[in-house]
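Derivation of every value follows stated rules applied to the coordinates shown; laboratory data play no part. Nothing here was measured: the structure is a model prediction, and the numbers come from that model. In this analysis, Cβ positions are derived from the backbone assuming ideal geometry, glycine residues included, and neighbour counts consider all displayed protein chains.
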Amino acid sequence: MSTGSGADSAPAPITLDKTAHHKTSMFSSLKIRNYRLFAAGAVVSNTGTWMARITQDWLVLSLTGSSAAVGVTTAMQFLPMLLFGLYGGVIADRFAKRNLLFVTQGAMGLGGLFLAAMTLSGHVEVWHVYVTAFFTGLVTVVDNPTRQSFVSELVGPDQLRNAVSLNSANFQSARLVGPAVAGLVTAAVGPGWAFLANGLSFLAPITGLLLMRAGELTRGPLAPRRGKGQLREGLNYVSRHPELIWPIVLIGFIGTFGFNFPIWLSAYADDVFHGGSGMYAAFTTLMAAGSLIGALLAARRRSSRLRMLAGAAGLFGVLLVAVAAVPSAYVFAALLVPVGAVGLTVNVTANSSVQMATDPEMRGRVMSLFMMVFVGGTPMGGPLFGWLADAYGVRVSFAVGGLVVALASVGVGLMLARAANLRLKVDLRRGRQHVAFVARERKRELAPAA
């Protein structure tokens with residue numbers, strides 16, 4: 001199958017900057033009707049999803065009295081992505097993405113309604129929650145790459161970065177609102193109604209999909225439905241393009257070593273600052289607020305820069321190392337806002353850079369690899385950094401995570417520079433730019449002897 005740009009034969013030359021000249025404002029993607037419908041539906045369903053996540057954990061804990069059982073629920077949600085994540089991208093590339101989203105969003109709604117029925121009827125057992133979590137994880141395997149790649153069909157390449165940033169802002173807004181609403185609903189009328197609200201929330205994105213104007217979608221070619229080797233083809237495609245493989249490698253390091261905040265923040269709140277669950281909730285809210293700020297700031301930028309990706313990842317790692325040693329709870333809490341903002345900047349920059357560098361017919365497979373690497377690292381990093389926190393203290397665990405992220409950002413930055421035929425130049429003279437990437441000098445070919 002052709003990938004549309006001759007990229008199968010050789011890697012395309014890359015630069016560290018991909019500058020789009022299209023004028024972009026913070027909310028410019030919302031001028032596009034189809035994207036407005038998509039975003040409006042997403043904010044409703046995302047809020048319902050966060051309500052269900054919080055209520056689900058509370059329900060499992062109340063049924064079993066075991067934190068380990070809550071961990072099993074989380075594992076059930078992540079396991080399908082680890083096992084089948086790449087196959088979800090193949091499916092996303094084979095079928096019209098709008099049609100697929102009707103199926104996946106409807107299936108997620110049914111999962112929520114099933115758990116609501118079990119809970120409201122008084123027959124819910126913990127295995128019902130496990131089954132629903134695993135089912136939702138299976139649907140997410142297809143839904144995630146489909147939604148990620150569908151954004152480009154909604155807005156086109158000029159507004160892709162802005163739309164990806166607004167999607168993140170949408171998600172973080174729901175992350176702030178959903179848990180609070182879930183707490184109120186659960187306290188007032190019980191967890192079953194929170195699950196019911198989640199199930200019904202998926203009517204919003206389905207309605208948005210129905211109201212979209214199909215003629216305004218920027219559709220790319222689809223992969224053959226019965227083609228062999230499409231999964232291998234996607235992996236080979238990424239391996240031949242350094243502008244894809246190195247951002248994905250970097251996001252894998254960040255997902256595994258840098259995004260273990262449930263472990264770190266709970267340990268700081270309990271063991272270091274002795275503030276209990278209230279302080280943990282405050283820390284989590286501040287992180288979410290910082291992430292929302294980072295998403296909105298990212299939406300204002302007009303370009304997708306690989307140098308920004310490496311720089312933001314390095315800053316994220318340095319921030320983690322610095323915050324690890326903060327002695328005051330108030331200073332620690334305040335610094336969580338920039339940590340959240342920079343972490344979200346890394347995620348948005350990597351996501352938009354990878355999407356913009358990928359041929360449309362390969363985008364589902366590439367984004368499924370991106371999400372599998374990012375999400376799949378969490379179950380591996382969690383136990384490791386939990387053990388470090390228990391054995392050597394949470395400050396050491398936090399700092400080690402930041403150090404690994406900082407070193408990975410330096411390594412990936414150098415590899416991207418090498419792929420772009422650049423070298424690092426250091427000039428300590430006054431009035432000069434002290435550190436910069438410059439083009440490598442080509443070796444002169446010797447003229448043949450006469």
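So the values come out like this:
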read-out: FRET efficiency, residue 328 to residue 391 (Cβ-Cβ, R0 25 Å, nearest 0.05); value: 0.50
read-out: From phi via Karplus (6.51, -1.76, 1.60), per-residue ³J(HN,Hα) for segment 306-316 in Hz, x at Gly/Pro; value: 6, 5, 5, 4, 5, x, 5, 5, x, 5, 4
read-out: Sum of side-chain charges, residue 77 neighbourhood, beta-carbon under 12 Å (Lys, Arg +1; Asp, Glu -1); value: 0
read-out: For peptides 147-158, 124-135, sequence by mean Cβ density within 10 Å, most packed first; value: 147-158, 124-135
read-out: Sites residue 249 and residue 219 - FRET efficiency at Förster radius 30 Å, r taken between beta-carbons, to 0.05; value: 0.50
read-out: Highest to lowest packing among 52-64, 332-344, scored as the average C-beta count within 10 Å; value: 332-344, 52-64
